[in-house]
Amino acid sequence: MAATANNRSNKESTGGQPQHFDWIDALRGFAILAVMLVHSSQFVRNLPKPLELIANQGARGVQLFFIVSAVTLMHSLKVRESFDGFLIFNFYVRRFFRIAPMFWVAIVGYVLLEGTGPRYGTSQRMSPWDIGLTALFLHTWSPNAINSVVPGGWSITAEAMFYVCLPFLFRRIKSLAEGGLLVLASFFLGRLLTKLVFWFLSPWFAGEEQYVLELFRFLWFPNQCYIFALGILTYFVLKQVPSVEGGRSFRFSGLSPTMKKSAIVLHLIWIFGTFALCFSSGGYRYIPEHFLFGLVFVILVWAFGVYPAPVLANRFTRHFGKISYSAYFIHFVVLDEMNRLVLPWYRSLTAIPAIQLVLVYGSCVIANLFLATLTHELIEKPGINWGKRFVRVRSLNVGSA
(Lines give C-alpha, C1' and ligand atoms only; values in the text may rest on other atoms or scores of the structure.)
Protein backbone atom coordinates (compact mmCIF):
# COMPACT_ATOMS: atom_id res chain seq x y z
CA MET A 1 0.00 0.00 0.00
CA ALA A 2 3.00 2.22 0.23
CA ALA A 3 6.66 1.86 -0.49
CA THR A 4 8.20 4.44 1.80
CA ALA A 5 7.17 6.95 4.42
CA ASN A 6 7.72 9.81 1.95
CA ASN A 7 5.29 8.60 -0.70
CA ARG A 8 2.90 6.70 1.55
CA SER A 9 0.18 9.35 1.70
CA ASN A 10 0.13 9.70 -2.09
CA LYS A 11 -0.06 5.97 -2.56
CA GLU A 12 -2.82 5.46 -0.05
CA SER A 13 -5.38 7.90 -1.32
CA THR A 14 -6.77 9.36 -4.47
CA GLY A 15 -8.53 12.69 -4.33
CA GLY A 16 -8.83 12.55 -0.54
CA GLN A 17 -10.59 9.19 -0.57
CA PRO A 18 -9.28 5.70 0.19
CA GLN A 19 -7.89 4.07 -2.92
CA HIS A 20 -9.81 1.05 -4.18
CA PHE A 21 -7.72 -2.05 -4.85
CA ASP A 22 -9.10 -4.51 -7.38
CA TRP A 23 -7.08 -7.36 -5.92
CA ILE A 24 -8.88 -6.90 -2.59
CA ASP A 25 -12.14 -7.59 -4.43
CA ALA A 26 -10.50 -10.68 -5.94
CA LEU A 27 -9.57 -11.95 -2.48
CA ARG A 28 -13.17 -11.51 -1.34
CA GLY A 29 -14.19 -13.41 -4.45
CA PHE A 30 -11.91 -16.29 -3.48
CA ALA A 31 -13.38 -16.25 0.01
CA ILE A 32 -17.02 -16.53 -1.06
CA LEU A 33 -16.22 -19.12 -3.74
CA ALA A 34 -14.50 -21.21 -1.05
CA VAL A 35 -17.51 -20.91 1.28
CA MET A 36 -19.88 -21.96 -1.50
CA LEU A 37 -17.63 -24.96 -2.22
CA VAL A 38 -17.84 -26.37 1.30
CA HIS A 39 -21.60 -25.95 1.46
CA SER A 40 -22.05 -27.45 -2.02
CA SER A 41 -19.99 -30.48 -1.00
CA GLN A 42 -22.37 -31.17 1.89
CA PHE A 43 -25.06 -32.12 -0.65
CA VAL A 44 -22.88 -34.73 -2.37
CA ARG A 45 -22.38 -38.19 -0.88
CA ASN A 46 -19.20 -40.29 -0.91
CA LEU A 47 -16.75 -37.76 -2.28
CA PRO A 48 -13.18 -39.03 -2.77
CA LYS A 49 -11.28 -38.34 0.44
CA PRO A 50 -8.77 -35.85 -1.03
CA LEU A 51 -11.57 -33.84 -2.64
CA GLU A 52 -13.60 -33.96 0.56
CA LEU A 53 -10.66 -32.66 2.59
CA ILE A 54 -10.13 -29.74 0.21
CA ALA A 55 -13.84 -28.89 0.03
CA ASN A 56 -14.26 -29.00 3.81
CA GLN A 57 -11.63 -26.31 4.24
CA GLY A 58 -13.63 -23.97 2.07
CA ALA A 59 -15.13 -22.94 5.40
CA ARG A 60 -11.89 -21.07 6.06
CA GLY A 61 -13.00 -18.56 3.47
CA VAL A 62 -14.71 -16.78 6.36
CA GLN A 63 -11.35 -16.22 8.04
CA LEU A 64 -10.04 -14.80 4.77
CA PHE A 65 -13.00 -12.40 4.81
CA PHE A 66 -12.03 -11.31 8.33
CA ILE A 67 -8.41 -10.62 7.40
CA VAL A 68 -9.31 -8.70 4.25
CA SER A 69 -11.87 -6.68 6.21
CA ALA A 70 -9.29 -5.66 8.80
CA VAL A 71 -6.82 -4.64 6.10
CA THR A 72 -9.30 -2.48 4.18
CA LEU A 73 -10.78 -0.80 7.26
CA MET A 74 -7.37 0.07 8.69
CA HIS A 75 -6.44 1.54 5.31
CA SER A 76 -9.71 3.50 5.12
CA LEU A 77 -9.36 4.94 8.63
CA LYS A 78 -5.75 5.93 7.99
CA VAL A 79 -6.63 7.85 4.82
CA ARG A 80 -9.72 9.53 6.28
CA GLU A 81 -7.92 10.50 9.48
CA SER A 82 -6.29 13.46 7.74
CA PHE A 83 -9.54 15.17 6.67
CA ASP A 84 -12.51 13.64 8.54
CA GLY A 85 -13.31 15.64 11.66
CA PHE A 86 -15.83 13.00 12.78
CA LEU A 87 -13.73 9.98 11.89
CA ILE A 88 -15.13 7.47 14.39
CA PHE A 89 -18.77 8.54 14.17
CA ASN A 90 -18.69 8.48 10.38
CA PHE A 91 -16.94 5.11 10.46
CA TYR A 92 -19.84 3.60 12.39
CA VAL A 93 -22.40 5.24 10.12
CA ARG A 94 -20.76 3.83 7.02
CA ARG A 95 -20.40 0.38 8.56
CA PHE A 96 -24.02 0.31 9.73
CA PHE A 97 -25.43 1.22 6.34
CA ARG A 98 -23.02 -1.21 4.69
CA ILE A 99 -24.07 -4.35 6.58
CA ALA A 100 -27.47 -3.70 8.18
CA PRO A 101 -29.88 -3.44 5.19
CA MET A 102 -28.92 -6.74 3.56
CA PHE A 103 -28.62 -8.52 6.89
CA TRP A 104 -32.05 -7.37 8.05
CA VAL A 105 -33.55 -8.48 4.73
CA ALA A 106 -31.89 -11.86 5.31
CA ILE A 107 -33.38 -12.09 8.82
CA VAL A 108 -36.90 -11.43 7.53
CA GLY A 109 -36.41 -13.70 4.56
CA TYR A 110 -35.15 -16.70 6.52
CA VAL A 111 -37.82 -16.37 9.21
CA LEU A 112 -40.52 -16.29 6.52
CA LEU A 113 -38.99 -19.15 4.53
CA GLU A 114 -38.01 -21.50 7.34
CA GLY A 115 -40.13 -20.43 10.28
CA THR A 116 -38.97 -20.43 13.89
CA GLY A 117 -38.41 -24.14 14.43
CA PRO A 118 -35.08 -25.66 15.55
CA ARG A 119 -32.18 -24.99 13.19
CA TYR A 120 -28.67 -26.32 12.81
CA GLY A 121 -26.70 -25.43 15.92
CA THR A 122 -29.59 -25.49 18.35
CA SER A 123 -32.36 -27.92 19.28
CA GLN A 124 -34.62 -25.17 20.60
CA ARG A 125 -37.22 -23.15 18.74
CA MET A 126 -36.17 -19.67 17.75
CA SER A 127 -37.37 -17.06 20.25
CA PRO A 128 -38.07 -13.34 19.81
CA TRP A 129 -35.00 -12.85 21.99
CA ASP A 130 -32.86 -14.73 19.45
CA ILE A 131 -34.24 -12.64 16.59
CA GLY A 132 -33.76 -9.42 18.54
CA LEU A 133 -30.15 -10.21 19.42
CA THR A 134 -29.46 -11.08 15.80
CA ALA A 135 -31.03 -7.85 14.51
CA LEU A 136 -28.80 -5.91 16.92
CA PHE A 137 -25.69 -7.87 15.84
CA LEU A 138 -25.25 -9.18 19.39
CA HIS A 139 -25.93 -12.87 18.78
CA THR A 140 -22.26 -13.78 19.15
CA TRP A 141 -22.92 -13.83 22.91
CA SER A 142 -25.79 -16.36 22.76
CA PRO A 143 -25.19 -20.09 22.12
CA ASN A 144 -28.74 -20.52 20.82
CA ALA A 145 -28.86 -17.41 18.64
CA ILE A 146 -25.35 -17.22 17.23
CA ASN A 147 -26.09 -19.08 14.00
CA SER A 148 -29.76 -20.03 14.15
CA VAL A 149 -31.68 -17.06 12.71
CA VAL A 150 -29.60 -16.51 9.56
CA PRO A 151 -27.32 -19.30 8.30
CA GLY A 152 -23.77 -18.03 8.52
CA GLY A 153 -24.94 -15.10 10.66
CA TRP A 154 -22.24 -15.86 13.22
CA SER A 155 -19.66 -14.20 10.97
CA ILE A 156 -21.71 -11.00 10.71
CA THR A 157 -21.86 -10.54 14.48
CA ALA A 158 -18.12 -11.28 14.69
CA GLU A 159 -17.55 -8.57 12.09
CA ALA A 160 -19.77 -6.16 14.06
CA MET A 161 -17.83 -6.84 17.28
CA PHE A 162 -14.63 -6.09 15.39
CA TYR A 163 -16.13 -2.76 14.35
CA VAL A 164 -16.68 -1.98 18.02
CA CYS A 165 -13.02 -2.65 18.79
CA LEU A 166 -11.38 -1.20 15.70
CA PRO A 167 -11.34 2.56 16.50
CA PHE A 168 -9.59 1.81 19.80
CA LEU A 169 -7.08 -0.47 18.08
CA PHE A 170 -6.54 1.99 15.23
CA ARG A 171 -5.53 4.71 17.69
CA ARG A 172 -3.07 2.48 19.53
CA ILE A 173 -1.57 0.03 17.04
CA LYS A 174 0.89 2.02 14.95
CA SER A 175 3.57 -0.38 13.77
CA LEU A 176 4.30 -3.89 12.57
CA ALA A 177 5.74 -4.82 15.96
CA GLU A 178 2.65 -3.58 17.79
CA GLY A 179 0.49 -5.51 15.31
CA GLY A 180 2.43 -8.66 16.17
CA LEU A 181 1.93 -8.06 19.89
CA LEU A 182 -1.79 -7.57 19.26
CA VAL A 183 -1.96 -10.98 17.56
CA LEU A 184 -0.25 -12.66 20.51
CA ALA A 185 -2.35 -10.86 23.13
CA SER A 186 -5.66 -11.50 21.36
CA PHE A 187 -4.72 -15.14 20.75
CA PHE A 188 -4.03 -15.92 24.40
CA LEU A 189 -6.95 -13.82 25.68
CA GLY A 190 -9.36 -15.33 23.16
CA ARG A 191 -8.26 -18.86 23.93
CA LEU A 192 -8.53 -18.26 27.67
CA LEU A 193 -12.03 -16.78 27.42
CA THR A 194 -13.13 -19.65 25.18
CA LYS A 195 -11.95 -22.26 27.68
CA LEU A 196 -13.57 -20.39 30.57
CA VAL A 197 -16.95 -20.01 28.87
CA PHE A 198 -16.97 -23.67 27.87
CA TRP A 199 -16.25 -24.68 31.46
CA PHE A 200 -18.87 -22.28 32.83
CA LEU A 201 -21.69 -23.21 30.40
CA SER A 202 -21.08 -26.96 30.22
CA PRO A 203 -23.58 -27.81 33.02
CA TRP A 204 -26.38 -26.13 31.00
CA PHE A 205 -25.54 -28.01 27.80
CA ALA A 206 -25.19 -31.60 28.90
CA GLY A 207 -25.90 -34.70 26.85
CA GLU A 208 -27.28 -34.10 23.37
CA GLU A 209 -27.05 -30.33 23.86
CA GLN A 210 -23.25 -30.49 24.10
CA TYR A 211 -22.87 -29.98 20.35
CA VAL A 212 -24.55 -26.57 20.70
CA LEU A 213 -21.82 -25.45 23.06
CA GLU A 214 -19.09 -27.02 20.93
CA LEU A 215 -20.28 -25.02 17.94
CA PHE A 216 -20.65 -21.86 19.98
CA ARG A 217 -17.14 -21.92 21.39
CA PHE A 218 -15.69 -22.05 17.89
CA LEU A 219 -17.96 -19.42 16.34
CA TRP A 220 -18.13 -16.76 19.04
CA PHE A 221 -16.10 -13.56 18.66
CA PRO A 222 -13.33 -14.20 21.24
CA ASN A 223 -12.34 -17.31 19.28
CA GLN A 224 -12.18 -15.28 16.06
CA CYS A 225 -10.74 -12.01 17.35
CA TYR A 226 -7.14 -13.03 16.72
CA ILE A 227 -7.98 -13.60 13.05
CA PHE A 228 -8.95 -9.94 12.79
CA ALA A 229 -5.70 -9.13 14.62
CA LEU A 230 -3.85 -11.01 11.88
CA GLY A 231 -5.60 -8.70 9.42
CA ILE A 232 -4.28 -5.64 11.26
CA LEU A 233 -0.80 -7.18 11.19
CA THR A 234 -1.22 -7.78 7.44
CA TYR A 235 -2.06 -4.10 6.96
CA PHE A 236 1.31 -3.11 8.38
CA VAL A 237 3.04 -5.75 6.25
CA LEU A 238 1.40 -4.29 3.14
CA LYS A 239 2.55 -0.79 4.03
CA GLN A 240 6.03 -1.96 3.10
CA VAL A 241 4.88 -3.05 -0.38
CA PRO A 242 4.80 -0.66 -3.37
CA SER A 243 1.20 0.25 -4.15
CA VAL A 244 -0.68 -1.88 -6.68
CA GLU A 245 -3.26 0.06 -8.66
CA GLY A 246 -5.21 -3.00 -9.81
CA GLY A 247 -4.83 -6.47 -11.25
CA ARG A 248 -5.49 -5.59 -14.92
CA SER A 249 -3.02 -2.73 -15.20
CA PHE A 250 -0.23 -4.41 -13.26
CA ARG A 251 2.36 -6.40 -15.20
CA PHE A 252 4.84 -8.94 -13.85
CA SER A 253 7.41 -7.60 -16.31
CA GLY A 254 7.24 -4.24 -14.58
CA LEU A 255 8.45 -5.59 -11.25
CA SER A 256 12.00 -5.24 -10.09
CA PRO A 257 14.03 -8.47 -9.92
CA THR A 258 13.66 -8.50 -6.14
CA MET A 259 9.89 -8.05 -6.32
CA LYS A 260 9.61 -10.79 -8.96
CA LYS A 261 11.38 -13.22 -6.64
CA SER A 262 9.22 -12.10 -3.71
CA ALA A 263 6.03 -12.58 -5.71
CA ILE A 264 6.98 -16.11 -6.79
CA VAL A 265 8.06 -17.16 -3.30
CA LEU A 266 5.01 -15.72 -1.56
CA HIS A 267 2.56 -17.32 -3.97
CA LEU A 268 4.31 -20.68 -3.63
CA ILE A 269 4.22 -20.43 0.17
CA TRP A 270 0.48 -19.76 0.42
CA ILE A 271 -0.37 -22.45 -2.14
CA PHE A 272 1.79 -25.04 -0.37
CA GLY A 273 0.54 -23.95 3.06
CA THR A 274 -3.10 -24.20 2.01
CA PHE A 275 -2.75 -27.73 0.63
CA ALA A 276 -0.61 -28.85 3.58
CA LEU A 277 -3.32 -27.75 6.01
CA CYS A 278 -6.09 -29.29 3.92
CA PHE A 279 -4.42 -32.69 4.06
CA SER A 280 -3.20 -32.51 7.63
CA SER A 281 -4.95 -34.38 10.42
CA GLY A 282 -6.19 -31.21 12.06
CA GLY A 283 -5.13 -32.50 15.44
CA TYR A 284 -3.43 -29.40 16.79
CA ARG A 285 -3.53 -29.30 20.55
CA TYR A 286 -2.36 -25.77 21.25
CA ILE A 287 -2.84 -23.93 17.94
CA PRO A 288 -6.32 -24.05 16.39
CA GLU A 289 -6.53 -24.92 12.73
CA HIS A 290 -8.32 -21.74 11.72
CA PHE A 291 -5.46 -19.70 13.19
CA LEU A 292 -2.95 -21.65 11.09
CA PHE A 293 -5.06 -20.92 8.03
CA GLY A 294 -5.08 -17.30 9.11
CA LEU A 295 -1.27 -17.28 9.06
CA VAL A 296 -1.32 -18.71 5.54
CA PHE A 297 -3.85 -16.03 4.52
CA VAL A 298 -1.47 -13.32 5.72
CA ILE A 299 0.97 -14.65 3.12
CA LEU A 300 -1.83 -14.87 0.54
CA VAL A 301 -2.84 -11.22 0.98
CA TRP A 302 0.81 -10.19 1.03
CA ALA A 303 1.37 -12.10 -2.22
CA PHE A 304 -1.57 -10.35 -3.87
CA GLY A 305 -0.22 -7.02 -2.65
CA VAL A 306 3.11 -7.72 -4.33
CA TYR A 307 1.67 -9.18 -7.53
CA PRO A 308 -2.04 -9.99 -8.09
CA ALA A 309 -1.58 -12.54 -10.86
CA PRO A 310 -4.30 -12.10 -13.53
CA VAL A 311 -5.12 -15.80 -13.42
CA LEU A 312 -6.21 -15.22 -9.81
CA ALA A 313 -7.24 -11.55 -9.74
CA ASN A 314 -9.45 -11.29 -12.81
CA ARG A 315 -12.83 -9.93 -13.81
CA PHE A 316 -14.66 -13.01 -12.53
CA THR A 317 -13.10 -13.12 -9.05
CA ARG A 318 -13.31 -9.34 -8.69
CA HIS A 319 -17.02 -9.33 -9.50
CA PHE A 320 -17.72 -12.12 -7.05
CA GLY A 321 -15.81 -10.12 -4.46
CA LYS A 322 -18.08 -7.15 -5.02
CA ILE A 323 -21.24 -9.25 -4.60
CA SER A 324 -19.79 -11.53 -1.91
CA TYR A 325 -21.90 -10.11 0.94
CA SER A 326 -25.16 -10.83 -0.87
CA ALA A 327 -23.89 -14.16 -2.14
CA TYR A 328 -23.03 -15.21 1.42
CA PHE A 329 -26.70 -15.06 2.43
CA ILE A 330 -28.27 -16.16 -0.84
CA HIS A 331 -26.23 -19.29 -1.56
CA PHE A 332 -27.81 -21.16 1.36
CA VAL A 333 -31.27 -20.71 -0.18
CA VAL A 334 -29.95 -21.61 -3.63
CA LEU A 335 -28.46 -24.87 -2.37
CA ASP A 336 -31.60 -25.80 -0.45
CA GLU A 337 -33.73 -25.28 -3.55
CA MET A 338 -31.25 -27.16 -5.70
CA ASN A 339 -31.37 -30.06 -3.25
CA ARG A 340 -35.14 -30.15 -3.65
CA LEU A 341 -35.45 -29.52 -7.37
CA VAL A 342 -32.37 -30.53 -9.37
CA LEU A 343 -30.01 -32.60 -7.21
CA PRO A 344 -31.99 -35.85 -7.78
CA TRP A 345 -31.65 -35.21 -11.51
CA TYR A 346 -27.90 -34.64 -11.19
CA ARG A 347 -27.61 -37.95 -9.36
CA SER A 348 -29.49 -39.68 -12.13
CA LEU A 349 -27.10 -38.22 -14.71
CA THR A 350 -23.98 -39.61 -13.08
CA ALA A 351 -23.04 -41.79 -10.13
CA ILE A 352 -19.57 -40.22 -9.88
CA PRO A 353 -19.53 -37.98 -6.75
CA ALA A 354 -16.80 -35.68 -8.09
CA ILE A 355 -18.88 -34.87 -11.19
CA GLN A 356 -21.95 -34.36 -9.02
CA LEU A 357 -19.97 -31.81 -7.00
CA VAL A 358 -18.94 -30.00 -10.18
CA LEU A 359 -22.60 -29.81 -11.24
CA VAL A 360 -23.86 -28.67 -7.83
CA TYR A 361 -21.07 -26.18 -7.26
CA GLY A 362 -21.21 -24.81 -10.80
CA SER A 363 -24.97 -24.34 -10.59
CA CYS A 364 -24.63 -22.61 -7.22
CA VAL A 365 -21.99 -20.24 -8.58
CA ILE A 366 -24.03 -19.37 -11.67
CA ALA A 367 -27.26 -18.82 -9.73
CA ASN A 368 -25.49 -16.60 -7.20
CA LEU A 369 -23.79 -14.67 -9.96
CA PHE A 370 -27.22 -13.42 -11.08
CA LEU A 371 -29.16 -13.32 -7.81
CA ALA A 372 -26.42 -11.76 -5.69
CA THR A 373 -25.71 -9.17 -8.37
CA LEU A 374 -29.40 -8.25 -8.27
CA THR A 375 -29.55 -7.86 -4.46
CA HIS A 376 -26.23 -6.03 -4.49
CA GLU A 377 -27.70 -3.45 -6.85
CA LEU A 378 -31.14 -3.23 -5.21
CA ILE A 379 -30.26 -3.48 -1.50
CA GLU A 380 -26.55 -3.11 -0.81
CA LYS A 381 -25.75 -0.16 -3.06
CA PRO A 382 -28.71 1.96 -1.88
CA GLY A 383 -27.68 1.23 1.72
CA ILE A 384 -24.11 2.32 1.03
CA ASN A 385 -25.37 5.48 -0.67
CA TRP A 386 -27.66 6.26 2.29
CA GLY A 387 -24.64 6.07 4.56
CA LYS A 388 -22.61 8.36 2.32
CA ARG A 389 -25.50 10.81 2.10
CA PHE A 390 -25.95 10.83 5.88
CA VAL A 391 -22.25 11.56 6.42
CA ARG A 392 -22.24 14.28 3.76
CA VAL A 393 -25.38 16.04 5.04
CA ARG A 394 -24.20 15.91 8.64
CA SER A 395 -20.80 17.34 7.65
CA LEU A 396 -22.48 20.19 5.79
CA ASN A 397 -24.79 20.94 8.72
CA VAL A 398 -21.93 20.94 11.22
CA GLY A 399 -19.80 23.08 8.91
CA SER A 400 -22.54 25.69 8.54
CA ALA A 401 -23.34 25.80 12.27
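Overview of results
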{"item": "Identity of the residue in segment 270-315, touching an Asp or Glu at 6+ places or on another chain (Cβ under 9 Å) and crowded, with 17+ Cβ neighbours inside 10 Å, that ends up nearest to F30 (Cα to Cα)", "result": "A313"}
{"item": "Where V44 falls short, out of the listed (1) assigned to a helix (DSSP H, G or I); (2) among the aliphatic types (A, V, I, L, M); (3) within 27 Å of L371 (Cα to Cα)", "result": "(1)"}
{"item": "Pairs with Cβ under 8 Å, 6+ apart, first in segment 304-318 and over 23 Å from V237 (Cβ atoms) and small (G, A, S), second modelled with pLDDT under 95 and crowded, with 23+ Cβ neighbours inside 10 Å", "result": "none"}
{"item": "Residue tally, condition out of contact with any strand residue (DSSP E or B) (no Cβ under 9 Å at 6 or more places or on another chain), part of a helix (DSSP H, G or I) and not β-branched (V, I, T), over segment 78-109", "result": "17"}
{"item": "Counted residues, segment 326-349 - those being in contact with a His (Cβ under 9 Å, 6 or more places away or on another chain) and surrounded by 23 or more Cβ atoms within 10 Å (Cβ to Cβ)", "result": "4"}
{"item": "Candidate set: segment 141-155, residues that are under 20 Å from L193 (Cα atoms) and assigned to a helix (DSSP H, G or I); chosen: the one farthest from the chain's Cα centre (by Cα)", "result": "W141"}
{"item": "Flag for V360 being more than 20 Å from the chain's Cα centre (by Cα) and surrounded by fewer than 18 Cβ atoms within 10 Å (Cβ to Cβ)", "result": "no"}
{"item": "Residue satisfying all of: in segment 110-127; in contact (Cβ under 8 Å) with a residue 24 or more places away in the chain and part of a helix (DSSP H, G or I); surrounded by the fewest Cβ atoms within 10 Å (Cβ to Cβ) among these", "result": "L113"}
{"item": "Pair list, Cβ under 7 Å, 6 or more apart: segment 216-230 residue within 16 Å of S148 (Cα to Cα), other residue outside any helix (DSSP H, G or I)", "result": "F216/P143; F216/I146; L219/I146; L219/N147; W220/I146"}
{"item": "Filter pass, F137 being closer than 19 Å to Y328 by Cβ, hydrophobic (A, V, I, L, M, F, W, C) and outside any helix (DSSP H, G or I)", "result": "yes"}
{"item": "Selected residue (only one of F97, F103, F91, F65 is of a type in the set (A, V, I, L, M, F, W, C), farther than 22 Å from F390 by Cβ and buried (at least 16 other Cβ atoms within 10 Å of the Cβ))", "result": "F65"}
{"item": "Residue in segment 309-322 that is assigned to a helix (DSSP H, G or I) and of a type in the set (A, V, I, L, M) present", "result": "no"}
{"item": "Search result, residues across segment 165-183 that are loosely packed, with under 12 Cβ neighbours inside 10 Å and within 22 Å of the chain's Cα centre (by Cα)", "result": "F168"}
{"item": "Search result, residues across segment 140-160 that are closer than 19 Å to R95 by Cα and among the hydroxyl-bearing types (S, T, Y)", "result": "T140, S155, T157"}
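For (1) at pLDDT 95 or above; (2) among the aromatic types (F, W, Y), each residue gets a yes or a no:
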{"position": "A26", "(1), (2)": "yes, no"}
{"position": "R45", "(1), (2)": "no, no"}
{"position": "G58", "(1), (2)": "yes, no"}
{"position": "L64", "(1), (2)": "yes, no"}
{"position": "F96", "(1), (2)": "yes, yes"}
{"position": "W104", "(1), (2)": "yes, yes"}
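The values are calculated or read from the model by the stated rules, or taken from the named source; none is laboratory data. All figures in this text were calculated on a predicted structure; none of them were measured in a lab. With ideal geometry, Cβ positions are generated from the backbone for all residues, glycine too; neighbour counts draw on all protein chains shown.
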